[in-house]
Each structure stands twice: as C-alpha cells, then as structure tokens.
Amino acid sequence: MTTAPLNEIADSLAAGTLIPYLGPAVLSLAPEGCPVPATPDDLVKLLTSKVSVPHKIRNNLTAAAQFIENFKHRKTVVSLMSDAFAPGVEPNALHRFIAGRQFPLVVDTWYDDAMARAMFGQGHWGQIQGVSQSEHFGSWVNYFNDKGDQVEADEADRWQTVLYKPLGSIIPARNFIISDSDYVEVLTEIDIQTPIPPRVQALRSGKNFLFLGCRFNNQLTRTYARQVMKRSSDKHWAVIEGPLTRMEQKFLEEQDITRIDLPLAQFVEWLQTGKMSAVPAAA
C-alpha cells in the first residue's frame, strides 16, 4: 500500500468527518490478553461448552444460540452471554484514543464494555443498544445515558458522542442480538432502515467510516456494515491485515472501502503518534 489512505484518514480526522466502526478483533490489542470472548469462534465455543448442541451447528454462532433459545429458553441465552461478558474489559490504546477524540458517533459491533468504560468521564455521551424482539417486542433499540439510566430517544440529540452498539452490550442492560431469530427480525426491516436509530442516520450523513477490528467474511457482518453506512459518503477505509476472502474483496469494492493491509496495533500506533515503527512499503 501507499501512504495515501493514511493521509486521507488524517484529513478526515482533522475535518471531523470520521466515524470509527469497531469489530471484535479490537480486543486483540490488549497486551495481557482479553478476559471475554474476542471472536465469534471463541464465543460459540464458550456457549457450546455450557450447553450441548447438535454437531452440525457447533461452529455456527447464531444457529447455536437459536438452538439454546429453543430448547433451554431465551433466559438461558441471556444468562450465558452475561456470564461470558461479565468480566470487565480494560480499555486498550484504541478505545482510549477514540474516547479522547469525542467523535460524534462511534459504532461498536461486539458485546463487551471496553468502549463504554473508556468513555466514562469524557464529556456528555450516551449509548444506543440494539435489542431483541423476543424481549422488547416493537422496539429496535434502547437509549441509555452515561450513568446507565434508560432514557427517551430525544435525549440522544443532546449527546456530544453517541456510542451505537447495534448488536447490544453487556452494560448497562444485557441486551444481545445473537440468535437466528434475532437477526431475522432485524434483517427483515434493515433494508428500509427501520432498525437504524434516527440519530445514527443523521450523524452518518456525509461521513467517512473507518473499520477497525472487522472482518467481512460472512453475510451478517457485511449486511450490518452496508446498512449502517448507507447514505453516508463514498469514501471509507478498513484496516485488515493479510489475505481477503473473495466475498470480502467484492464487498470492499462495492462499498468504496479502501483496504489498509497493516497489523491493527501498527495502525493504532500511527493514529496516536502520526508515526509507525515500520513504515509499509509503497505498492
């Protein structure tokens, strides 16, 4: 790669048009390891170690969660997810950088509490969480202020930073979009944007998304990213090291996302300091 994408990101940062979009691999930046599942594979292994599921779906996170929901009740799914993410995750360098910049919108697509913990004390902010229709029928999201109290939607208009957790989060209310039925409900409506909060839709307009810790090797992650970034701008970036799958490559091309082939830790070093310990060779 050339340094041109880094210069573009620097310009977007300076202009205030950048939206961080975080995936589970952000948790890999913790130098001492992570106390919660940091990948979908880790999470499904944990769930299926607690409840037996058919062999053919043991590696399918949403299908395994659906089996547990069907045969052990939704409360069991929530309990298992709560136990999995109960250990507090200490914010890493990227979380702290994002919190310190006080972006108007931060999207975080994993269930941990690290981004929220980094934002405590960082201005006037709040969290919008996706919720399951099986527990909150008729509602797509719930709104929480920086004290963890549930509030009305119009409160979000006054927040300096909106932390959008489309799949839910362990805090403050243990909401999880995780099972097949959870996703079916959302995906039925997401193309017309019903599950995307109006405040998020307003804040993304004309903005540039920066995808960090994300992979797009399954349909769900691609669909969520596509719908969250809809009607934003025509320039985005994704830090993804190593080979891409065919579908990832196609998705990046379709969505005008420039891929930056760097280790995430090296990119975060550049974000913090404007320098890298090893500058990538020009293409």
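Here are the numbers:
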{"item": "Of all residues making up the range 8-38, the number that are modelled with pLDDT of 95 or more and among the polar types (S, T, N, Q)", "result": "2"}
{"item": "Options Leu212, Leu203; residue that is within 17 Å of Ile98 (Cα to Cα), under 16 Å from the mean Cα position of the chain (by Cα) and modelled with pLDDT of 95 or more", "result": "Leu212"}
{"item": "Boolean, Asp108 is under 17 Å from the mean Cα position of the chain (by Cα) and either in the same structural domain as Val162 (by TED's automatic domain parsing) or among the aromatic types (Phe, Trp, Tyr) (or both)", "result": "yes"}
{"item": "Residue in the range 238-257 that is of a type outside the set (D, E, K, R), outside any loop (DSSP other than H, G, I, E, B) and touching a residue at least 60 places away in the same chain (Cβ under 8 Å) present", "result": "no"}
{"item": "Residue in the range 127-135 that is over 30 Å from Glu269 (Cβ atoms), part of a loop (DSSP other than H, G, I, E, B) and touching a Lys or Arg at 6+ places or on another chain (Cβ under 6 Å) present", "result": "yes"}
{"item": "The range 271-283 - residue that is surrounded by fewer than 19 Cβ atoms within 10 Å (Cβ to Cβ) and part of a helix (DSSP H, G or I) and, of those, modelled with the highest pLDDT", "result": "Gln272"}
{"item": "Tally, over the range 151-190, of residues that are of a type in the set (A, V, I, L, M), within 14 Å of the chain's Cα centre (by Cα) and not in a loop (DSSP other than H, G, I, E, B)", "result": "2"}
{"item": "Single residue of Ser169, Ser139 found to be under 14 Å from Pro197 (Cβ atoms) and either of a type in the set (Ser, Thr, Tyr) or not assigned by TED's automatic domain parsing to the domain that holds Ala114 (or both)", "result": "Ser139"}
{"item": "Breaking point among (1) touching a Leu at 6+ places or on another chain (Cβ under 8 Å); (2) buried (at least 18 other Cβ atoms within 10 Å of the Cβ); (3) among the aromatic types (Phe, Trp, Tyr), for Phe85", "result": "(1)"}
{"item": "Condition check for Ile57: touching a residue at least 12 places away in the same chain (Cβ under 8 Å) and either within 30 Å of His236 (Cα to Cα) or among the aliphatic types (A, V, I, L, M) (or both)", "result": "no"}
{"item": "Among the residues listed as Ala173, Ala202, the single one being under 22 Å from Phe144 (Cβ atoms), aliphatic (A, V, I, L, M) and exposed (fewer than 14 other Cβ atoms within 10 Å of the Cβ)", "result": "Ala202"}
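One line per residue, one yes/no per condition, for (1) within 23 Å of Tyr143 (Cα to Cα); (2) outside the structural domain of Glu155 (by TED's automatic domain parsing); (3) not aliphatic (A, V, I, L, M):
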site	(1), (2), (3)
Tyr183	yes, no, yes
Ile192	yes, no, no
Gln201	yes, no, yes
Phe209	yes, no, yes
Leu212	no, no, no
Tyr224	yes, no, yes
Val228	yes, no, no
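The values are calculated or read from the model by the stated rules, or taken from the named source; none is laboratory data. Being a predicted model, the structure only gives us computed values, none of them experimental. Glycine also receives a Cβ, built like all others from the backbone with ideal geometry; neighbour counts cover every protein chain displayed.
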